[in-house]
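**Student:** Once you've had a glance at the structure underneath, I'll fire off some questions.
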Amino acid sequence: MPTLKRALRMIPGVKLLGTTHGLQRLMLLIGSGIMFLFVLVAIFADSLAPYALAQRKYQGEFFGKQQPPSADHILGTTVEGYDVLSRVVYGARTALLVVVMAVAASIVIGVALGVISGYLGGWLDRILVLIMDAVYAFPSLLLAIVVAIVISGGSSSGFGGMMAASLSITVVFVPRYFRVVRNATLSAKSLPYVEAAKVGGARPGRIMFGHVLPNVSQSIPVLLTLNASEAILTLASLGFLGFGIEPTSAAEWGRDLSTATTSDLTNGIWWTSVYPGLAIVLVVTGVTLIGESLNDVLNPLLRTRGGATTADERELEETVLGGGQAELPDAVPAAVGAPAASAAVQVHDGDPGLDGPQGGAQ
Amino acid sequence: MATKQRSNSAALLRYLGVRLALVIPTALILVTLVFCPMRVIGDPISAKLGGELTPDELVRRREAAGYNRPILVQYFEYLGNVVRGDFGIASKDNRKILDVVLTNGAATVELVCWSLIIAFLVGIPLGRLAARYHDRLADVTIRFFAVLVYAAPVFFLGLVLKLIFGAHGLGVLPTSMRVSRTTELALADLGYDSHFMIVDALRSGQWAYISDVLRHAILPAVALGLMEAGIFIRLIRINLLETLRTDYVVAARARGVAERRVVSKHAFRNALIPVVTVMGMEIALMLCGAILTETTFEWPGLGYALSQYLLARDFVAVQGIVTAIALVVAVISFLIDVINALVDPRVRY
């Protein structure tokens, strides 16, 4: 049994699950379950959807427009004559693709700029901070709109449309990673291991990305879950405002909602809008639940059970509070080393940069 | 004591000075951020009418509008115009963008105020309850509620409200515009045109008008307000929980102060300070929410105007409105920081 337990703990997340209890564990489990389902649906959309993405006919006969739910179309058909269920299923694929592209791109750019800016300092740092703070203060949806206009002129098709959407979201998110990583780098810069690396003759590039980066990156997973949910909402909002992807090349929940609002709602037709909407709610709820429970686990101030801490909790607490050892157990994906602790506390209520735009510019 | 106070107020003044000085570069970057990318795609006229006009006509129109000049000249001209409050003219309906911002802005401000009332009414009591009954059923339920209202895009929430209360559901509440046509005309006849409907209605003193305005505001305010309430619940819950662990609260408990009183008298007010800080950041989020809410309910505010111009591909108007909103956000975040510095001495380092 002990070996099995050990083997289980090698799976990322299982150890984290062990440190949770009661409500937190429930939230983490439900959230992970929803996410698992979402990813499955996105990957196997082709076999799960009853009809093809832009299919309007079956055996030479049109589905019909705005048909209520029936045996042939469990969730009914849209005003454009598509099958609602198929649109919802394919929408998961679009959302997953866009969010993964957007979040990955913003992590790469934001983290790299943050480490460079924090480590090198000087005028480069000042200018970057000023620009990032301005971008950060900009209402995110408006920024995404501006970028979407630039990239696509407002409408685009297929993969290009998805790229445009994810780039718009990337621009919004880069400053968030930048701020957290830069602040963490600033405090990590003066720690002995960096000095040691310098004395040892390591080049700045190696120090930044070989030594500092691994020690400041622990706060990223929490930020990532928070951003992923916002990314899905931003994508849907862009679609709702008319920056959708062509309906024939990809299904996007926000755009489908928008068409439904303008053409179906006044006739009392509910099935074209309610199902894509529920899909958004479900996925965002899943991601948010994961983020919330991660926050709870990592914020020692919020722990209820005094006294009877388990070994896992003590271990986690040591990694969270006990200084920035380079050896963080990798099964605790979101453990926060000491340099990043201040950054992680900022994350705790869903907004990474609570210190306002002036925060980075002292 | 006196010297300490003087140095304190000097620190405050210095902080405010630095903060004020930072507004200008921030605003400049924001304006540039909007201007540059919009010109990367070419000029607004080609963007809008590219396929519809002959090449010659296109060139003529571009020259007439001055888009053939060097980009730097155009940039500085644009900056100068913005400083003078001239954000350009919408080609869709020939309205001055400044007029659009002022008239529709009033509608947006009114909507945001209504929604804030809902958000406070729902968010503060629920946040307090959740913190007081930490990890118990009330807390669990309220947290799920907070996650759910956050996860529901505001336009979907609005849509569901429309379905339930609109003409095809219960049919009890209006689902579009700020006021019914007859009331609007009547108020205009009376000479009230502050663009704040509720102010006009109150000045008329007619209950029929007031109730008409209020009934129109309910659904949009609830849709946007619930989204904001989700944020308030999370903020207040987490701050209150942290405050409830502080030594002075523990001391109050040790003295035998009732838990109810500990929460309301000792912890709650201190827990509100960080909430004020975050409000500054949430202004931007609320504006985004307002854009979507207005589009859903055809509420004639800035967001509705923006989405209409977006649909018409009128990028001059879009650029003007976005610039104006960005400036407003920069100013509001400055004001919030001032309030913070006044409330919380720790801010003035």
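The values are calculated or read from the model by the stated rules, or taken from the named source; none is laboratory data. These figures come from a predicted structure and were not determined experimentally. Glycine also receives a Cβ, built like all others from the backbone with ideal geometry; neighbour counts cover every protein chain displayed.
**Student:** Only one residue in A:Leu75, A:Leu96, A:Leu85 is more than 14 Å from chain B (Cβ to nearest Cβ), at pLDDT 80 or above, within 24 Å of A:Val274 (Cα to Cα) and not in a helix (DSSP H, G or I). Which one?
**Tutor:** Numbers: A:Leu96 fails: not in a helix (DSSP H, G or I); A:Leu85 fails: not in a helix (DSSP H, G or I).
Being more than 14 Å from chain B (Cβ to nearest Cβ), at pLDDT 80 or above, within 24 Å of A:Val274 (Cα to Cα) and not in a helix (DSSP H, G or I) holds for just one of A:Leu75, A:Leu96, A:Leu85, which is A:Leu75.
**Student:** With the requirement that a residue be hydrophobic (A, V, I, L, M, F, W, C) and either touching a Pro at 6+ places or on another chain (Cβ under 9 Å) or within 11 Å of chain A (Cβ to nearest Cβ) (or both), what does region B:340-349 give you?
**Tutor:** Let us first name the residues in region B:340-349 that are hydrophobic (A, V, I, L, M, F, W, C), namely B:341-343, B:347.
Residues satisfying the conditions are B:Ala341, B:Val347.
**Student:** Cβ-Cβ below 7 Å, separation at least six or inter-chain, first residue in region B:236-252 and closer than 9 Å to B:Ala131 by Cβ, second among the basic types (Lys, Arg): which pairs?
**Tutor:** Taking only residues 6 or more apart or on different chains, the pairs are B:Ile236/B:Arg128; B:Leu240/B:Arg128.
**Student:** Suppose we keep only residues that are buried (at least 18 other Cβ atoms within 10 Å of the Cβ) and of a type outside the set (Gly, Ala, Ser) within region B:197-209. Which one would you say is nearest to B:Trp299 (Cα to Cα)?
**Tutor:** Of everything passing the filter in region B:197-209, B:Met197 is nearest to B:Trp299 (Cα to Cα).
**Student:** Continuing with this model, one more query. Could you please find all residues in region B:288-303 being in contact (Cβ under 8 Å) with a residue 40 or more places away in the chain and surrounded by 24 or more Cβ atoms within 10 Å (Cβ to Cβ)? Steps first, answer last, please.
**Tutor:** Here is the first cut: in region B:288-303, the ones in contact (Cβ under 8 Å) with a residue 40 or more places away in the chain are B:289-290, B:292-303.
Correct list: B:Gly289, B:Ala290, B:Leu292, B:Thr293, B:Glu294, B:Thr295, B:Thr296, B:Phe297, B:Trp299, B:Gly301, B:Leu302, B:Gly303.
**Student:** Determine which member of the set B:Leu157, B:Leu148, B:Leu121 is buried (at least 20 other Cβ atoms within 10 Å of the Cβ) and modelled with pLDDT of 90 or more.
**Tutor:** Details: B:Leu148 fails: buried (at least 20 other Cβ atoms within 10 Å of the Cβ); B:Leu121 fails: buried (at least 20 other Cβ atoms within 10 Å of the Cβ).
After applying the criteria, what remains is B:Leu157.
**Student:** I need a count of the residues in region A:40-75 that are farther than 20 Å from A:Thr248 by Cβ and either among the basic types (Lys, Arg) or surrounded by 17 or more Cβ atoms within 10 Å (Cβ to Cβ) (or both).
**Tutor:** Final tally of qualifying residues: 1.
**Student:** Right, here's the next one. Every residue in region B:263-274 that is β-branched (Val, Ile, Thr) and either at the interface with chain A (Cβ under 10 Å from one of its Cβ atoms) or surrounded by fewer than 19 Cβ atoms within 10 Å (Cβ to Cβ) (or both), please. Spell out the reasoning first.
**Tutor:** Step one: list which residues in region B:263-274 are β-branched (Val, Ile, Thr), which gives B:263, B:273.
If the condition is that a residue be β-branched (Val, Ile, Thr) and either at the interface with chain A (Cβ under 10 Å from one of its Cβ atoms) or surrounded by fewer than 19 Cβ atoms within 10 Å (Cβ to Cβ) (or both), then B:Ile273 is the only one that fits.
**Student:** Whether any residue in region B:174-190 is surrounded by fewer than 19 Cβ atoms within 10 Å (Cβ to Cβ), in contact with a His (Cβ under 9 Å, 6 or more places away or on another chain) and hydroxyl-bearing (Ser, Thr, Tyr) is what I want to check.
**Tutor:** The answer is yes, given that some residue of region B:174-190 is surrounded by fewer than 19 Cβ atoms within 10 Å (Cβ to Cβ), in contact with a His (Cβ under 9 Å, 6 or more places away or on another chain) and hydroxyl-bearing (Ser, Thr, Tyr).
**Student:** Pull out all pairs, ordered by first then second residue, where Cβ-Cβ is under 8 Å, the residues are six or more apart or on different chains, the first lies in region B:10-27 and is in a helix (DSSP H, G or I), and the second is of a type in the set (Ser, Thr, Tyr).
**Tutor:** Correct list of pairs: B:Ala11/B:Tyr349; B:Tyr15/B:Tyr349.
**Student:** Next question. Please find, among A:Ser258, A:Ser237, A:Ser190, the residue that is in contact (Cβ under 8 Å) with a residue 40 or more places away in the chain and of a type in the set (Ser, Thr, Tyr).
**Tutor:** Numbers: A:Ser258 fails: in contact (Cβ under 8 Å) with a residue 40 or more places away in the chain; A:Ser190 fails: in contact (Cβ under 8 Å) with a residue 40 or more places away in the chain.
The unique qualifying residue is A:Ser237.
**Student:** Now for a different question. Quick test of your reading of the structure: B:Leu240 fulfils all but one of (1) farther than 27 Å from B:Ala290 by Cα; (2) modelled with pLDDT of 85 or more; (3) more than 14 Å from every other protein chain (Cβ to nearest Cβ). Name the failing condition by number.
**Tutor:** All conditions are met except number (3).
**Student:** Considering only region B:137-176, state which residues are basic (Lys, Arg) and either more than 9 Å from chain A (Cβ to nearest Cβ) or closer than 18 Å to A:Glu292 by Cα (or both). Steps first, please.
**Tutor:** Initially, region B:137-176 is screened for residues basic (Lys, Arg), giving B:143, B:162.
Selection gives B:Arg143 alone.
**Student:** Quick check, is B:Val31 of a type outside the set (Ser, Thr, Tyr), at pLDDT 80 or above and over 28 Å from the mean Cα position of the chain (by Cα)?
**Tutor:** Details: of a type outside the set (Ser, Thr, Tyr): yes; at pLDDT 80 or above: yes; over 28 Å from the mean Cα position of the chain (by Cα): no.
It is false that B:Val31 is of a type outside the set (Ser, Thr, Tyr), at pLDDT 80 or above and over 28 Å from the mean Cα position of the chain (by Cα).
**Student:** Return the only residue of B:Ala223, B:Ala229 being within 13 Å of another protein chain (Cβ to nearest Cβ), among the small types (Gly, Ala, Ser) and within 30 Å of B:Glu282 (Cβ to Cβ). So that I can check it myself, show each step before the final result.
**Tutor:** Numbers: B:Ala229 fails: within 13 Å of another protein chain (Cβ to nearest Cβ).
Only one candidate qualifies: B:Ala223.
**Student:** Search region B:277-326 for residues being part of a helix (DSSP H, G or I), more than 10 Å from chain A (Cβ to nearest Cβ) and modelled with pLDDT under 85, and hand back the single one that is nearest to B:Thr175 (Cα to Cα).
**Tutor:** B:Met279
**Student:** Filter region B:124-145 down to the residues that are surrounded by 16 or more Cβ atoms within 10 Å (Cβ to Cβ) and aliphatic (A, V, I, L, M) and list them by number.
**Tutor:** Within region B:124-145, B:Ile124, B:Leu126, B:Leu129, B:Ala130, B:Ala131, B:Val140, B:Ile142 meet the criteria.
**Student:** Would region A:278-296 turn up any residue that is at pLDDT 75 or above, assigned to a loop (DSSP other than H, G, I, E, B) and surrounded by fewer than 24 Cβ atoms within 10 Å (Cβ to Cβ)?
**Tutor:** no
**Student:** From the list A:Gly161, A:Gly200, A:Gly239, exactly one residue is over 18 Å from B:Leu311 (Cα atoms) and either more than 13 Å from chain B (Cβ to nearest Cβ) or at pLDDT 85 or above (or both). Which is it? Talk me through it step by step, then tell me what you get.
**Tutor:** Working: A:Gly161 fails: over 18 Å from B:Leu311 (Cα atoms); A:Gly239 fails: over 18 Å from B:Leu311 (Cα atoms).
None of the other options fit; the residue is A:Gly200.
**Student:** May I pose another question? Within region A:242-258, track down each residue that is surrounded by fewer than 21 Cβ atoms within 10 Å (Cβ to Cβ) and either at positive phi or modelled with pLDDT of 80 or more (or both). Even if it seems obvious, please write down each step before you answer.
**Tutor:** The initial filter retains those residues of region A:242-258 that are surrounded by fewer than 21 Cβ atoms within 10 Å (Cβ to Cβ), namely A:242, A:246-249.
Selection gives A:Gly242 alone.
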